[in-house]
Structures are given as C-alpha cells and as structure tokens.
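Presented below is the structure to which this report refers.
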Amino acid sequence: MRMPDEELSPFAAWILPKDGGPPYYVDFSEFYFGRRKSDLSRKAQRFWKSDIVGLPNLARDFQTVILTERPLETVYNTHASAWRNMHRFIQVCPDLPQTMSIFDIGEIHGLRLKQWIFDNGMTSHTYKQIKWVIERYSQIHRGTPSDMPPRDAPPEPDPVEPDFVALQRLSLVLRKHARSIFSMWKDGAALAAQGCDPRAKFGGLHGDWKKPENHAHLIYHLTETCVPSNAEVVALGLRTLVQTTHATKPGNNIKGPHCPIPGITTNAHHGYPSKLRWRFPLEVDMAVFIWIVLIYTGFNLSTVLAIDISEPSKWYAPALQDPDHVLIFSDKDRAKKIVYAPSKVRAQFHAFRIIKTLTEVTEPLRETLRRKVEKLRAKNNESYTHETQREIQKLEESIRSPWLYVGLMERDEETLIRSVQNTDVSNLNSIIRLIAEDANLTDDHPYLKTLSTSQARDSMINFTYRNSRRMSVAKLASQQSDYRSLKYYLARRKIRRANFQIVNQVLTHTFSEISHRDVFDETRIKIALKTGEITREQERRLRDVRQRTRVGMGCKNPTNPPPEIDPYHLDGEICAVQRCTGCIHGVIFPESVRPMAYALADLRYLCRKVGLAVWKGSSFEEEEISIVETLKQFDDEVVKKYFQERMEALKSGEEMAFDVYPHY
C-alpha cells in the first residue's frame, strides 16, 4: 500500500516527469535491500529472471539519477529493469574490482558486462540502459563522461519480408468485421426505439424484463449524455439490467448483441458492459478499427494512440486543393516530431472517417470521464495529492484519445471506460492473428501467424520502396530523418536476393558474350536480358551498325543524328539517345512492335516517378509522343499485349525501366 505523500520512507518518492507526464510512485527499497522473485505476484514473476541482491551504495546513486532526471514512467520502468540486471551481474562476478559507487564502475566492468548480457540472451539495449544511468551520474557529479566503453553496434536487422497480398486480404476481412460492428450499433438503435422502460412506476410490467428491446431502450436512455456505473444503475432500480445470465431474476437470460469477432470472450455477452455494446465498442471492436488505421496509414501503434482529438487542428488539416482529402497528424514522442498520413474524408474505411465516427460514437464515454476529472480537481483543490493528480492526467489522456471502449467485467466507473494503451499491444497482436486464422488466411499466408503492430508500418515502407525503387521515396514515406534509419524497416534480404538475380543474369550474359565473341557488346546483353535469347534475324541486324537501336529499329545514318534528336552528339560517335521513332533516319521493321511497346511502358512508368516538372519539355515527353504515333501502324491488340506485359513486370519489380534521367 502506498504511503501518503507526507509519510514517504527515505527509499520512496513521487516522480513528477520533466516532460509533463502524470506523476508516479517509486519505491527504491528493492535496490537497497534486495528482493526475491518468489515475493512477487504471479504476473510480475513472468518479467523477473531471478532474485536481486541489495547494493545500498549503487542504489543510492541510481536513486539520485532518477530523482534528478525525472523521466516518464515508461522510461523509468525500462531503466529500473536494466539496473536490476546490474545488481545480478555484480553478484555473479565477485572477482571484479569492488564497486562502492557508480564511480568505481570502469572499462573492465563494461567489457565483462557486455559478455554477461550476451551469455544471458539479452540485447545490447540492456547495456545501453545501464550505461545511461552511469553516464548521467558521472555528468551530474563530475561533468565528464564515465569510463564505461560504448555499446557494440547492434547487428544489422532484417525485418520479416512482408506479404502484401496477405495484408490486402486481411484488410478486406477487417472491413467486413467493421461493417458488422456498424450494423450492430444501427440494429441497437432500432431495437431501442421499439422498447420502453420496464419498471412498474413507468408503466412497465414484470414480464417486460424478458424483452431485449427494453434492455436496449434503457441502455440508450441511460447513456444519452454519459455512462453510469454499475452502482448508479442499481440505485435507479435497474438491478436486472446489470445482472448476468447466472442470476435467477426476470430478464437474466437477456444477453448483449451478438457480433462474432474472433478473440471476443464469453463475458462479452453477459451483464451490463456487454449490453453497452449495443451503443459502444468493446476492446475487440476497437482492435478492428485500430488495425485498419495501422495498415492504411503506415503509422506505428504509439503514433496512432497519440492522436489527439481534443481540437480538429491537433489531428488533421484539410487539403488546399481537394476538400475530400486531409492530412492526419500525430506526435511521435520518441523522435520528437510530428508525422502525417493522407486520408480521404468521405471514404468509409479511411483513417479520417474511422476516427471521426468513433469520436462521435464514444462521446458519452468521454463526457463521463470529463465529469470524473471535475470531481477529482475539486478534491485536489481541497487537499492535493500526487495520487489524485496522476489519476487526473491519466483520465485527460483518455479524453483526448479516439480509442475509448467499454471494459468487460468492470464493476466501477473508474475502470468501466478505458482507452487503448501501448501496453495493450499483446492483445492487439493476439486478436489480429485470431481474425486471420478464423478467415482461413494463415495456411496460404504464414506471415499472418506472427503479425504484429510494427509490421504494418514495415510493410508500408517496403511497399513504397519496391514500387518506387528509390530510397528517397521510401524515406519520405517512412518520415525518417536519415537514410541510416531506413535499414531498420526494409526487408533487405529479399531486396538483396532480387538484386543478386539481376546481377547474376548480367554477368552470365556478359561472360558468355566475351567467351564466344571476345568482345563486350552492351546492345546484345540488353537484348538477351529482355528476351532471354538473340534470334537469327536479330543476329543479322546486329552485325549491321545501322540497325543497332534500343527500340528494335534500323538507322540509315547512326553516326549523324539530327540536332533535335541528340543536341549533344559527338562527331564520329554512334547516336547515344536513339529516339528513333522521331528521327528521319529511323527504319521500322515488323518485329519492332515489341521493343517499342516496351519502351512506351518504360516511359509511362517513369512519368509517374520523375514528376511533371522534369517530364514536361524533356526528351521523355517527346519520345513518348513519337512512339505513340509510330505504334498506330501496328495492330492495337498486339501493342496492348506487349505494353501490359512490360508494365506488369515493372510494377512487380521483375524488370527495371531503361532510362533514369532525360537527355535534356
């Protein structure tokens, strides 16, 4: 039990974070006197590796750092967990120099600590947290860095290769569940309109409790502006409304609405919270909407949960040119910056419409929390306590969140209404995997068996890179501050494999040409890479320098292109531009249709990537126009076939566009 503020022991304190987070209570006594794992609750034991011994001197220094730095509660928990490992390390390494203070921890301790962390299956992140404490203590008391060596660079990550088809199919399943939730709320409103108050003093009959429409009517009537607690409902003479199906009273067989979503417990159909589902979401319902937003925005979970709906200007901005588009904003606390994602306004399953709908649906829940905050503020004005202030700030965070839901098996107003937190990540992961399994997607897509919230963002970044082939575009999509950070999101193993296949093909054809013809011929290699072989007709024409063009055409004068085709041509050289369809020297052959259709697909694909500012007036635009006019001489179906064949290869990443920059 926590002591009142004025009766705190010397080993306990209330921390008021520098960043303005809610205050939290800390007891440092475990670091002074030690703690046994068996003394913890069963839930807490899962996160403890072993007992820790008390080291009063190090505990005092650790306490000094925490009280000086005043980190957020989540940050403190991370450092405290790491510092427990420091106690364990010193206990099992008695041969090291004695540590009477953090100042006694030097290079030899750091090197041995790295090895101990590795041997115990921990990551360099643990070392980083321990080193932070030591560095801060050294800076506070000496103003100089410590002797602890820097942590070893973590191994280059290789994220799970995303299955884009799996995510697409999963998003369709999530949409189906979202529609069923919307339908459940609509049916709840219709059912409530058919019911009446079953209490006798309002004209109701004893048997009226057996009608589900009367229960729905009461739910809508009671929650018109706010949501009463179980005790308040009972005080209104509505005990039957809050009873579960295990009770032996009239109406005890009335359950809440049935909306089959995998992961929902049997408790979701019993009692007062389950009946509130006629109007408000449960956790499993909210998980569906959060996952849709994660997949369509590419935000990570922390960013999605940090969306602040207290004012419109704090979470979205209308697009200047299109009223049906907005930019959604959210704070990314760890990077200390704001991230954004585009969204349509009217589209039902775009992020903006989902957040807007949920904000409207959960407004009575939000109003309930506002009233609770007012009571707590009045209480704190009379007699301030950190405990009350902490509760106020926690409730204010929930009020700003669009992710409010009704908690099952909750008996009081403080816990009946909840908001999704970062600590709920395990539940969100479990729910999405159950949804994927229930939809029979996991057999075809094993990727979904281990799907987690972080992979939604990884997939968006990888999808952008695969389709753009540009790190700059992927960096923009991920909103990373530098290219170095991108490596933590790109599934580089698959990219390397694809690049190796391309390089291997180039080398194979190159050495084949050199061994057979004793010459490196770029044109022959390009043709071989595209078609897999060189036909006799192509062989004959390739021997004639006048027919060596990249679009399968002949040339009457390849060393003297017109200035409008190649304004930078060097005398005596072969035409480098080879925009043959717009040249007076060009000669068309029947088999020229395929390379020309391919060239047109390359240009159309590139047009979407270089931007209109680069495209307009460039050689790209002129060549596209001339190829289109030239292809009119061929069968439309044949042209369309080759064009689509090449475009699909470009989009899938199997092929790369020939040109990179316009010639002028």
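The values are calculated or read from the model by the stated rules, or taken from the named source; none is laboratory data. As the structure is a computational prediction, the values presented were derived from the model and not from experiment. Glycine also receives a Cβ, built like all others from the backbone with ideal geometry; neighbour counts cover every protein chain displayed. Keep in mind that these areas ignore ligands, DNA and RNA; they rest on the heavy atoms of the full protein, side chains included. Shrake-Rupley method; radii C 1.70, N 1.55, O 1.52, S 1.80 Å.
Restricting the range 436-457 to residues that are part of a helix (DSSP H, G or I) and within 16 Å of V293 (Cα to Cα) leaves a set whose member that is modelled with the lowest pLDDT is R457.
Conditions (1) outside any helix (DSSP H, G or I); (2) free of Cβ contacts under 8 Å to residues at least 40 places away in the same chain; (3) closer than 18 Å to T549 by Cα; (4) within 47 Å of the chain's Cα centre (by Cα), marked per residue:
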{"position": "G572", "(1), (2), (3), (4)": "yes, yes, yes, no"}
{"position": "V577", "(1), (2), (3), (4)": "yes, no, yes, yes"}
{"position": "V593", "(1), (2), (3), (4)": "no, no, yes, yes"}
{"position": "M596", "(1), (2), (3), (4)": "no, no, yes, yes"}
{"position": "D602", "(1), (2), (3), (4)": "no, no, yes, yes"}
{"position": "Y605", "(1), (2), (3), (4)": "no, no, no, yes"}
{"position": "R608", "(1), (2), (3), (4)": "no, yes, no, yes"}
{"position": "E622", "(1), (2), (3), (4)": "no, no, yes, yes"}
{"position": "I627", "(1), (2), (3), (4)": "no, no, yes, yes"}
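Filter the range 341-389 down to the residues that are assigned to a helix (DSSP H, G or I), in contact with an Asp or Glu (Cβ under 9 Å, 6 or more places away or on another chain) and farther than 18 Å from S229 by Cα and list them by number. Once the filter is applied, which keeps residues that are assigned to a helix (DSSP H, G or I), in contact with an Asp or Glu (Cβ under 9 Å, 6 or more places away or on another chain) and farther than 18 Å from S229 by Cα, the range 341-389 yields H386, E387. Could you list, in sequence order, the residues of the range 86-102 that are assigned to a helix (DSSP H, G or I) and surrounded by fewer than 16 Cβ atoms within 10 Å (Cβ to Cβ)? Across the range 86-102, the qualifying residues are Q91, V92. Filter the range 115-132 for residues that are in contact (Cβ under 8 Å) with a residue 12 or more places away in the chain, part of a helix (DSSP H, G or I) and within 15 Å of R88 (Cβ to Cβ) and give the result. Correct list: W116, I117, T126, Y127, Q129, I130.
A residue that is open to solvent by 50 Å² or more (accessible area, probe 1.4 Å), in a helix (DSSP H, G or I) and modelled with pLDDT under 85 can be found somewhere in the range 204-219. Among the residues of the range 396-414, the one identified as open to solvent by 40 Å² or more (accessible area, probe 1.4 Å), modelled with pLDDT of 90 or more and in contact with an Asp or Glu (Cβ under 8 Å, 6 or more places away or on another chain) is R400. Restricting the range 65-85 to residues that are surrounded by fewer than 16 Cβ atoms within 10 Å (Cβ to Cβ) and of a type in the set (S, T, Y), the residue that is farthest from the chain's Cα centre (by Cα) is T68. Applying the set (1) farther than 30 Å from Q348 by Cβ; (2) surrounded by fewer than 12 Cβ atoms within 10 Å (Cβ to Cβ) to M122 leaves exactly one unmet item: (2). Looking at this structure, is K37 open to solvent by 20 Å² or more (accessible area, probe 1.4 Å), more than 30 Å from I392 (Cβ to Cβ), in contact (Cβ under 8 Å) with a residue 40 or more places away in the chain and within 37 Å of the chain's Cα centre (by Cα)? Answer is no for this residue. For the range 571-588, how many residues meet the condition of being within 15 Å of I627 (Cβ to Cβ), open to solvent by less than 40 Å² (accessible area, probe 1.4 Å) and of a type outside the set (S, T, N, Q)? Of the residues in that region, 5 qualify. Selection of the range 41-62 for residues being open to solvent by less than 20 Å² (accessible area, probe 1.4 Å) and free of Cβ contacts under 8 Å to residues at least 60 places away in the same chain yields I52, L58, A59. Picking from residues in the range 339-395 that are in contact with a Phe, Trp or Tyr (Cβ under 8 Å, 6 or more places away or on another chain) and open to solvent by 50 Å² or more (accessible area, probe 1.4 Å), the one that is modelled with the lowest pLDDT is Y340. Applying the criterion of being modelled with pLDDT under 85 and aromatic (F, W, Y) to the residues of the range 297-338, the residue that is most open to solvent (accessible area, probe 1.4 Å) is F329.
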